[in-house]
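The values are calculated or read from the model by the stated rules, or taken from the named source; none is laboratory data. A quick note: this is a predicted structure, and the numbers were derived from the prediction, not measured. Cβ: placed from backbone, ideal geometry, glycine included. Neighbour counts: every protein chain shown.
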Amino acid sequence: MSSFLNPQYKELEVYTPGEQPQDMKYIKLNTNESPYPPSNGVLEAINSNQAELLRLYSDPECKALRKAIAQLYKVETDNIYLSNGSDDILNFAFMAYTGKNRPAVFPEISYGFYKVFAELYGTPYEAIPLRQDFSIDYKDYMGLNKFIVIANPNAPTGLCLSVKEVEEIVSSNPKSVVVIDEAYVDFGGESCYPLINKYNNLLVVQTFSKSRSMAGARLGFAIASKEIIEDLNRIKFSTNPYNVNRLTLVAGEMAIKDNDYYMENCQKIIDTREFTTKQLEALGFYVIPSKSNFVFAKSNKISGEELYNRLKAQGVLVRHFNTEKIKDFNRITIGTMDDMKTFISTVKKILEEI
Ligand SMILES: *Cc1c(COP(=O)(O)O)cnc(C)c1O
């Protein structure tokens, strides 16, 4: 850290992304990426003469892709906002709606970035504990009239609130924005975006990183009332108007066109998740029922950390969080069926060794 840094950032505890080690080839089940490649349409689009056009700036309004997403979701183009990954949208939401006198509320166990954004903007925050079974009690979020952000399905648990429960939260907080982070909604959850037609304070955030195999392209989108989309644009045009690059925009358009391919992959991942859950349960694991592309599981024979370390030594990466309440668990991304068979047989071997 330099002595020049604004003191307000000196204590900031940064977000720790899942590791992306380059030393050997791992079976990567640690950052919830898709095991399937982008569609042929996407691959062709970004291999074509689009690369030549990189000398030109991208469309700052991202019109074509916003229109394509709006058509798919049956909303207006003005209800869609695009950004450089959904983290960017979450950042803008905290920037726009929170601050020293504008507190934030989110679940205690959830996506680790919420706390980082709150600290970045000097926002006081309340992290509300989950129930004993790791589920979110929607009643804890009613009538707060504070900025609320909830991942649904939640991470790293994989558990969902129903659309009805989300509606209770949104309708009881009319004076503040409620962000529903739907990074994993395509793996068996139900999106609450239709509620934007009824509530102007709901901001739904989705990403192409997980269900649409484009984590490296950085593309996220928001669905919300026109007023909220205007707020996000106000910040975008005050920071980086070209925040979605050309290749990502054409890739995104093709991904929407090839939606069926991605939804088939999601179904494969759901089936593989159910297989993995059964196998882990047969090995004595407690597995939280997941609606995501990961499972959160703990063994009755080995600690979370030791299992993580032993798997890594065998070339299988999973995610372990050193947080007291969840340190017995590992979060395991669902890969291909072959990946998961290897994962299960590696776990079996480890359990026999100890
Ligand atoms: C992965 C993830 C994100 C970030 O997605 P990007 O679009 O890659 O920035 C946001 N929220 C949750 C809950 C996630 O798991």
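Structure summary
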| item | result |
| --- | --- |
| Filtered residue count, the range 296-354, keeping only those that are acidic (D, E), exposed (fewer than 15 other Cβ atoms within 10 Å of the Cβ) and within 30 Å of Q267 (Cα to Cα) | 1 |
| Helices (runs of 4 or more DSSP H) (entirely within the range 216-334) containing at least 2 residues that are over 30 Å from D59 (Cα atoms) | 259-282, 304-313 |
| Members of the range 144-173 found to be of a type in the set (D, E, K, R) and touching a residue at least 12 places away in the same chain (Cβ under 8 Å), listed by number | K146, E165, E167, E168 |
| Failed item, numbered, when L65 is tested on (1) touching a Gly at 6+ places or on another chain (Cβ under 9 Å); (2) more than 16 Å from the ligand (Cβ to nearest atom) | (2) |
| Y73 vs. criteria more than 16 Å from the ligand (Cβ to nearest atom), at pLDDT 95 or above and buried (at least 16 other Cβ atoms within 10 Å of the Cβ) | yes |
| Boolean, G158 is of a type outside the set (A, V, I, L, M, F, W, C) and either in a helix (DSSP H, G or I) or away from the ligand (no atom under 15 Å from the Cβ) (or both) | no |
| Among residues of the range 1-46, those that are assigned to a helix (DSSP H, G or I) and surrounded by 10 or more Cβ atoms within 10 Å (Cβ to Cβ), counted | 9 |
| Flag for K325 being in contact (Cβ under 8 Å) with a residue 12 or more places away in the chain and farther than 16 Å from N32 by Cβ | yes |
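Matching residues to (1) farther than 25 Å from K268 by Cβ; (2) crowded, with 23+ Cβ neighbours inside 10 Å:
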position: N154; (1), (2): no, yes
position: L161; (1), (2): yes, yes
position: K164; (1), (2): yes, no
position: S172; (1), (2): yes, no
position: V178; (1), (2): yes, yes
position: A183; (1), (2): no, yes
position: S191; (1), (2): no, no
